[in-house]
Number of protein chains: 2
Amino acid sequence: MAAAHPYTVYRGTFVHLPLLNDTSAKAEIVRNQGVLGYDWQVNDDASFQSFLSSQGWTTSDVTVVESNDDRNEFFFPGFIDTHIHAPQYPNEGLFGSSGLLDWLNEYTFPVEASFGSKSDPENKDSDPKDTPPEGVRVYNEVVQKTLAHGTTCASYFATIHVPATNALAALCHKHGQRAFIGRVCMDNKEQCPSYYVDQDAEQGFNATIRTIDYIHTLDPNGTLINPIVTPRFAPSCSNESLDGLGKLAASYEPPLWIQTHIAETTDEVDLVQQLFPESTSYADVYDKANLLTNRTILAHGVHLTKDEMSLIRERGSKVAHCPASNSGLGSGLAPIRYMLDQGVTVGLGTDVAGGYSPSILEVARQASLVSRLIQFSAEYQQLTGNTTFDGSEKLLYQDVLYLATRGGAAVVDMAEDIGGFDKGMIWDAQLIELGAVQNSTTGQLDVATLAGRAVETGPVGNVDLFGNETWQEQIQKWMWNGDDRNVKSVWVQGKLVHTRDE
Amino acid sequence: MAAAHPYTVYRGTFVHLPLLNDTSAKAEIVRNQGVLGYDWQVNDDASFQSFLSSQGWTTSDVTVVESNDDRNEFFFPGFIDTHIHAPQYPNEGLFGSSGLLDWLNEYTFPVEASFGSKSDPENKDSDPKDTPPEGVRVYNEVVQKTLAHGTTCASYFATIHVPATNALAALCHKHGQRAFIGRVCMDNKEQCPSYYVDQDAEQGFNATIRTIDYIHTLDPNGTLINPIVTPRFAPSCSNESLDGLGKLAASYEPPLWIQTHIAETTDEVDLVQQLFPESTSYADVYDKANLLTNRTILAHGVHLTKDEMSLIRERGSKVAHCPASNSGLGSGLAPIRYMLDQGVTVGLGTDVAGGYSPSILEVARQASLVSRLIQFSAEYQQLTGNTTFDGSEKLLYQDVLYLATRGGAAVVDMAEDIGGFDKGMIWDAQLIELGAVQNSTTGQLDVATLAGRAVETGPVGNVDLFGNETWQEQIQKWMWNGDDRNVKSVWVQGKLVHTRDE
């Protein structure tokens, strides 16, 4: 698109969440009309022409992309999925009655193992073409699906396999999705299945370095794709592996991103205590290995203690909140408002396929629902020392949309570049279409006639506007009932990467 | 349709939930191929011809409606929404941070009040044409929307207004949705807003009788539409009103259906205790007024005591479980498996607009999620006397689909007629289309080529099949990610009432 024009100007209605100030964890939502990041006063044709002139541009210099007010369209920052397991996508919605540890063995490890190369069983090759066809198919699908749901940036867990991990990086690069790509490290033979485990810490490091090298060659400036050091979680790694991965991340300049899991279930917390008796807490296991950096994403954190939250805040590490997964697997209710109040940075993650949906909007809904139920949690009552609550623990629509955009941007250490529409930010965005308001009745009240009228084609998907909503109420209706049908276009790094089928 | 043919035969793949036997509250799911309710052995063309001959039919006597296996289509019983407030539909997704009692005053009563007739402010007329245009528009929309989501039967709360209540009945009748229609009774001036309240119990009875008469004239045999006596909930009614409504329901032969709310929030339970000091429990308030019958639907029941569950079971009354609402309003986590184990009959309700969605499939998901979190509830730990659980408290996909169909049928006292595909049942059904399996890759592993391939048009909506799923796994994927896009056709009482836009 726009090959003939050197510039693209996005004009119309923009909705985003301003950065939180330091003293409050309450988000607000803002709507502007004008030209992106430039001049919110450019809100009619005359001022738009003046704007072009002031830039020294004529109409032929620019492609103008406009939101359509009649269709209740608006630009919104792209969603950021801070925790997603790409290879597990075919298992979406399949978790039976399992809890985490059963589910890993029953559903997860078998599908992940299938990403290995048959021609290279020792996993020594790096060529993405050695990925099994089914693996490429899955990765191709998950990237396109998440883009279609408005996810412009994702932090992916791949598998232990170098070719398939590199294939995921290449597919994200080709499809134009901003991504962090992690080869999964897991070398603890006691805790991992014999058919799916690194030979030892050393082999894990070498394999990880081959994926880092591949990604650094693919995208030398890290414009779109970056490697992320990925110890699966403490129980699946030896101390040697944890220590080495901490050193590996620190050996790069700037240091590499790191991602892992923490305190997802109480059984897992107990297991970590048993496996790492020398550590004072789950977070301390990672801290001892220098894995708690200001570029570390810790998935879940459902059962963190207050002391662990303090440690995480001090280290500047971040939490990926995955409520769809935590509810689906019965892992627990994460105390997100409390965590924010403790100064911890939080974003949202789908955790496909512990999470049943690739949609961050669905995760935002679940984050709000869980926050409305957490007052009933015995563990939360214990954490806070209260048994009655005033509602301030709830995450409202603006809070969860904040977590889905600004929060996620901070979690992947890109708060200055993505997640909002501030001047100078990168254009990672989605055009949301809520659809037209239902036609009002024409004064014809004959029930028989009205009943024969088909549903108006006005609304898009399940967001149903009656015309008397404030714009904030329109956003609430989108938050609660929106889906991929409302995602009309998606851009990453200024490039159009998805257009909805019409 | 099928005007030329006296019979319609549904042929193909049928999925339903058999009735629970008495000793178990665990549902199973069954898939049959053949001809509905007749002969599951009629599964090829030759046996189908034999079947026709055995009936004395030729091909020209029958319209055949078939499910398409290539598109992973199957017939499924229509969903039953046992609790929905039709006038609140425009407020879907709008509940801010409110709990129940605030929300009623802030969002609910104002919208319900708008259904009154300006030309008949005393609400003495019965003609549906006296409904305000906006009210007709809302009711028209809610009936079509719920049908589009596969709801073939709904138990509606309307408002206090006779014309609008009658309009809702007429619209359901015209659109062909099976419905129970309740004029809301609320005469406690201390608890109801001055602008939206019955003048007194007597006026409430008379208005209710006018809606009952209208519905009995509209549908004399109650084939599709039936009246349901609807005291809003104990706090909004005087003792005189509660007693009188119990007598009113019993005065018909057979007795009328009854619906109300119970134990939705702890604040409400406290309020009832304060307003009805002579009663031993919330359920006892209704029991004293003879409102607990075997045709009574009690919405919510989140905070019922074990004794109240016993009383409800003894009376044969039923519970409408509304988890999307209970989570959204932060009302609590209803102990559904426990309630089933106590012998209480349970179905699902959207509770629009406490619930944010008109979809029973969405409610089924929420029912499963809440059941996976309830182990963490302090109240549940107290109710059961346990602090650790073995997972048997979870509602699995087959359990929530049971509640959405068979459970709902039992709640509206139609267990023998709807909710399944047993011989002799009424054809209230939906044709679900999951879509084709993704094309497998063609051996072409060049990443650049693959990335250029668009998402296959195979899948419908967000159910993404890879081809290696068992049929039970397909159903799970539908339960977790399905939406109205998967509802291809809907029939009620053998009549096609909805076809998806293509």
> Only one of (1) at pLDDT 65 or above; (2) more than 7 Å from chain B (Cβ to nearest Cβ) fails for residue A:442. Which number is that?
Replying inline: (1)
>> Show me the helices (runs of 4 or more DSSP H) entirely contained within region A:327-413 in which 2 or more residues are open to solvent by less than 10 Å² (accessible area, probe 1.4 Å).
In response: A:336-341, A:360-373, A:397-402, A:408-411
>> Which of the numbered conditions does residue B:423 fail, given that it passes all the others? Conditions: (1) at pLDDT 95 or above; (2) more than 13 Å from chain A (Cβ to nearest Cβ).
In response: (1)
> Here are some residues: B:299, B:324. Which one is assigned to a helix (DSSP H, G or I), open to solvent by less than 10 Å² (accessible area, probe 1.4 Å) and either touching a Gly at 6+ places or on another chain (Cβ under 7 Å) or closer than 19 Å to residue B:184 by Cα (or both)?
Replying inline: B:324
>> For a quick check of your reading of the model, give me the residue pairs whose first member lies in region A:193-206 and is among the hydrophobic types (A, V, I, L, M, F, W, C), whose second is part of a loop (DSSP other than H, G, I, E, B) and open to solvent by 10 Å² or more (accessible area, probe 1.4 Å), with beta-carbon atoms closer than 9 Å and at least 6 apart or on different chains.
In response: A:197/A:160; A:197/A:187; A:197/A:188; A:197/A:189; A:197/A:191; A:201/A:187; A:201/A:238
> Taking region A:465-502, which residues are more than 11 Å from chain B (Cβ to nearest Cβ), assigned to a helix (DSSP H, G or I) and under 21 Å from residue B:481 (Cα atoms)?
Replying inline: A:486
>> Given the criteria facing chain B (nearest Cβ under 8 Å), at pLDDT 90 or above and within 26 Å of residue B:463 (Cα to Cα), does residue A:462 qualify?
In response: yes
> Does residue B:217 fit the bill of being over 25 Å from residue B:411 (Cβ atoms), away from chain A (no Cβ under 13 Å) and in a helix (DSSP H, G or I)?
Replying inline: yes
> Among (1) in contact (Cβ under 8 Å) with a residue 40 or more places away in the chain; (2) surrounded by fewer than 24 Cβ atoms within 10 Å (Cβ to Cβ), where does residue A:291 come up short?
Replying inline: (2)
>> Of the residues A:154, A:148, A:170, only one is of a type in the set (Gly, Ala, Ser), within 21 Å of residue A:493 (Cα to Cα), facing another protein chain (nearest Cβ under 8 Å) and touching an Asp or Glu at 6+ places or on another chain (Cβ under 8 Å); which?
In response: A:148
> How many residues, within region B:111-158, are touching a residue at least 40 places away in the same chain (Cβ under 8 Å), touching a Ser or Thr at 6+ places or on another chain (Cβ under 7 Å) and hydroxyl-bearing (Ser, Thr, Tyr)?
Replying inline: 2
> How many residues are out of contact with any helix residue (DSSP H, G or I) (no Cβ under 8 Å at 6 or more places or on another chain) and either within 12 Å of chain A (Cβ to nearest Cβ) or in contact (Cβ under 8 Å) with a residue 40 or more places away in the chain (or both) if we restrict to region B:93-110?
Replying inline: 6
> Restricting to region A:245-259, what's the tally of residues that are assigned to a helix (DSSP H, G or I) and buried (at least 22 other Cβ atoms within 10 Å of the Cβ)?
Replying inline: 3
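The values are calculated or read from the model by the stated rules, or taken from the named source; none is laboratory data. The shown structure was predicted, so the numbers you read here are calculated from the model rather than taken from an experiment. Cβ sites come from the backbone with ideal geometry, for glycine too, and all protein chains shown count toward neighbours. For the accessible areas, the whole protein counts, side chains as well, though only heavy atoms, and no ligand, DNA or RNA atoms are used. Shrake-Rupley method; radii C 1.70, N 1.55, O 1.52, S 1.80 Å.
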